Every structure is written in C-alpha cells, then in structure tokens.
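Following: one structure in structure tokens, then a few remarks.
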Amino acid sequence: MPRIAVGVEYDGSALAGWQSQLDQPSVQSHLEQALTQVAGAPVQVVGAGRTDAGVHSRGQVAHFDTDALRTERGWVLGANTHLPASIALRWAREVPDHFHARYSALSRTYRYCIFNRYRRTALAASRASFVHRALDIEPMQQAAPLLLGTHDFSAFRAAECQAKSPVRNLYALDLVRQGDFIVVQVRANAFLHHMVRNLVGALMAVGRHEQSPEWVTQVLQGRDRKLNAATAPAAGLYLWKVDYPVGFGMPDDSAIMQGPVGCPADLFDQVDLAHVMV
C-alpha cells in the first residue's frame with residue numbers, strides 16, 4: 001500500500017490543536033476528512049508533532065497509507081478543496097513505506113513571534129504574542145546559549161507532559177529583533193509539551209530584567225517547573241520546519257512562505273538568519 005507524505009500549514013487560532021478531539025475542531029480531523037474525500041476511502045494521518053490549541057504551523061509533516069491512485073498535484077488540490085481556509089496542504093509526495101512522519105524526523109524547528117511595544121496590534125493579535133513591557137534582547141541573547149545541549153528539561157515541560165524522558169538535545173536557540181518584532185528560533189531533536197513556550201517565557205523574564213541571564217541555568221539545573229517563569233502564550237508559536245534524512249527526498253519549500261501574517265516578511269526572509277538555519 002503506497003505511503004504519502006504531505007506538508008501542512010495552518011492558522012491554529014480557532015483550532016483545538018493538531019490531535020483529533022471529540023466535538024472540537026482539530027487539524028488532524030479536518031485533514032483526515034478532506035483526504036478521505038479525495039481517496040474515496042477512510043484515511044488516517046500521523047503527524048510529526050502535536051501542536052497545541054492556538055499554535056500555528058508552516059512546516060507540519062504528516063503521512064498516510066492509501067490504495068487510492070492520485071497524482072501529487074491531485075492530493076494537494078483535492079484536499080485543499082475540502083479543507084477550511086485556515087488549513088492548507090503545501091505539497092504531497094510518495095515516500096518509502098518505512099518513512100514515519102514522527103519517528104523518522106531528525107529535528108524540529110519552531111519560531112516564536114513576539115510583538116513588543118506598549119500599543120497593542122489588531123492585525124497580529126492571533127499571530128504573535130503581545131508584550132507591552134519593553135524587552136531587552138541583549139540579555140535574552142546572552143541567556144540563550146546557556147540552554148543549549150543535552151539536558152533534563154523538566155523545568156521546561158508542562159505538568160501534563162506524557163513524555164517518558166525529559167531529556168532533549170537543544171541544537172540552536174537564537175533571537176533577532178526588527179522594529180517591534182522579536183523572533184525566537186529554536187531547534188531540537190524533539191520537544192516536550194510546552195517546552196518552547198516555557199523557554200520563551202524564561203527568556204522574556206530575562207528581557208524584562210526580572211532575572212539575570214545566568215538564572216536560566218539555575219532553572220535548568222533545578223529540574224522543577226515551579227522555578228521557571230510563566231508559559232508564553234500559544235498565539236506566537238509556529239512549527240516552522242521538520243528535518244528528515246536526505247534519502248527520503250522531502251521537499252525544501254522554504255521559499256513558499258513569506259512569514260506569518262502580522263510579522264513583516266523581511267523579518268523572516270531578508271534578515272540574515274544563516275547562523276540559525278542549520
């Protein structure tokens with residue numbers, strides 16, 4: 001039975017997250033319903049990551065098995081016809097049957113967009129986290145490298161996290177500022193529940209000068225969620241990219257997206273993030 005991988009983008013503002021839930025709209029349920037229409041038979045999808053309610057995606061990847069014979073273009077156009085405006089397939093590709101959207105992934109990259117000025121924004125309200133108090137990015141950038149590497153991230157996981165191990169390898173954590181926007185980009189082998197939002201929450205506390213950059217090391221070593229700052233809101237978070245071994249031939253479609261609505265395009269495409277995109 002052929003296995004198809006798809007790239008999915010979505011605005012999570014009005015969605016209950018990736019995973020199917022009873023009586024609540026989710027990305028998975030919408031996607032399965034749309035693909036079932038195209039395939040003419042029930043389709044079940046497996047995603048690379050379970051994003052929470054209100055979290056967005058530019059680069060979610062999912063796979064499904066089907067006997068239906070459709071072109072890659074047919075899967076994309078057909079599914080998009082049946083999907084709500086907030087969800088869209090970016091690409092489809094037949095992959096080997098040992099490909100798994102979650103377990104074959106080498107790393108995942110998230111971006112967190114902060115809108116930082118004393119006046120709130122209407123256009124970016126659901127696409128960026130609004131912080132009215134001034135954030136000093138320099139101490140935030142000083143704190144970020146202290147979190148890199150393989151650690152027990154218990155202090156950065158949600159209480160309801162079901163991961164068997166709190167150990168994760170954080171490959172990169174970088175911040176850039178342009179005007180009123182601050183973007184945090186983080187890449188790891190995998191993430192715990194609320195890990196990115198808790199990392200950003202800690203960096204915000206440093207940026208407000210409530211804590212020193214070195215404080216994040218104390219939080220990390222303490223392995224206690226109660227030692228950390230408040231969790232950053234879901235609105236600013238984007239699952240940006242999932243990386244796989246080159247042998248799977250996954251498309252590199254980074255040029256398609258010009259940046260989330262509410263964040264200026266050049267923040268993502270003209271600012272030099274070469275040191276971040278690894």
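The values are calculated or read from the model by the stated rules, or taken from the named source; none is laboratory data. On a predicted model such as this, the values are computed, not experimentally measured, just so you know. Don't worry about glycine lacking a Cβ; one is built from the backbone with ideal geometry, like all the others, and counts go over all protein chains shown.
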*Can you confirm whether segment 79-98 contains a residue that is of a type in the set (Phe, Trp, Tyr), crowded, with 21+ Cβ neighbours inside 10 Å and either at negative phi or touching an Asp or Glu at 6+ places or on another chain (Cβ under 6 Å) (or both)?*
no
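Suppose we keep only residues that are touching a strand residue (DSSP E or B) at 6+ places or on another chain (Cβ under 8 Å) and assigned to a helix (DSSP H, G or I) within segment 143-167. Which one would you say is surrounded by the fewest Cβ atoms within 10 Å (Cβ to Cβ)?
Our first condition is that a residue be touching a strand residue (DSSP E or B) at 6+ places or on another chain (Cβ under 8 Å); within segment 143-167, this holds for 144-145, 147-153, 166-167.
Going one step further and asking which of them are assigned to a helix (DSSP H, G or I), we end up with 144-145, 147.
Numbers: Ala144: 22, Pro145: 13, Leu147: 19.
Here the residue is Pro145.
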*Just checking, which of Arg119, Arg177, Arg127 is touching a helix residue (DSSP H, G or I) at 6+ places or on another chain (Cβ under 6 Å) and either β-branched (Val, Ile, Thr) or farther than 13 Å from Leu203 by Cα (or both)?*
Arg177
*Failed item, numbered, when Thr36 is tested on (1) among the hydroxyl-bearing types (Ser, Thr, Tyr); (2) touching a Lys or Arg at 6+ places or on another chain (Cβ under 9 Å); (3) at pLDDT 95 or above; (4) surrounded by fewer than 20 Cβ atoms within 10 Å (Cβ to Cβ)*: (2)
*asked:* Looking at segment 86-110 only, could you name the residues that are closer than 28 Å to Ser13 by Cα, in a strand (DSSP E or B) and not basic (Lys, Arg)?
replied: Ile87, Ala88, Leu89, Trp91, Ala92, Ser107, Thr109, Tyr110
*Please state which one of His194, His151 is touching a residue at least 40 places away in the same chain (Cβ under 8 Å) and at positive phi.*
His194
*Just give me the residues in segment 1-33 being closer than 19 Å to Gly236 by Cα, aliphatic (A, V, I, L, M) and assigned to a helix (DSSP H, G or I), in sequence order.*
Ala14, Val27
*Out of the residues in segment 95-125 that are modelled with pLDDT of 90 or more and polar (S, T, N, Q), which is farthest from His56 (Cα to Cα)?*
Ser104
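For segment 177-188, name all the residues that are under 22 Å from Glu210 (Cβ atoms) and either touching a Ser or Thr at 6+ places or on another chain (Cβ under 6 Å) or not in a loop (DSSP other than H, G, I, E, B) (or both).
Of the residues in segment 177-188, the ones under 22 Å from Glu210 (Cβ atoms) are 177, 180-184, 186.
Answer for segment 177-188, where residues must be under 22 Å from Glu210 (Cβ atoms) and either touching a Ser or Thr at 6+ places or on another chain (Cβ under 6 Å) or not in a loop (DSSP other than H, G, I, E, B) (or both): Arg177, Phe181, Ile182, Val183, Val184, Val186.
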*Members of segment 34-59 found to be part of a strand (DSSP E or B) and either more than 18 Å from Leu15 (Cα to Cα) or among the hydrophobic types (A, V, I, L, M, F, W, C) (or both), listed by number*: Val46
_Positions within segment 221-239 being part of a helix (DSSP H, G or I) and over 30 Å from Asp11 (Cβ atoms), in sequence order_ = Gln221, Gly222, Lys226, Leu227
*Taking Ala128, is it modelled with pLDDT under 95 and buried (at least 16 other Cβ atoms within 10 Å of the Cβ)?*
yes
*asked:* For Gly207, only one of the following conditions fails: (1) crowded, with 23+ Cβ neighbours inside 10 Å; (2) at pLDDT 90 or above; (3) within 19 Å of the chain's Cα centre (by Cα). What is its number?
replied: (3)
*From (1) within 19 Å of Gly59 (Cβ to Cβ); (2) in a helix (DSSP H, G or I), pick out the condition that doesn't hold for Val242.*
(2)
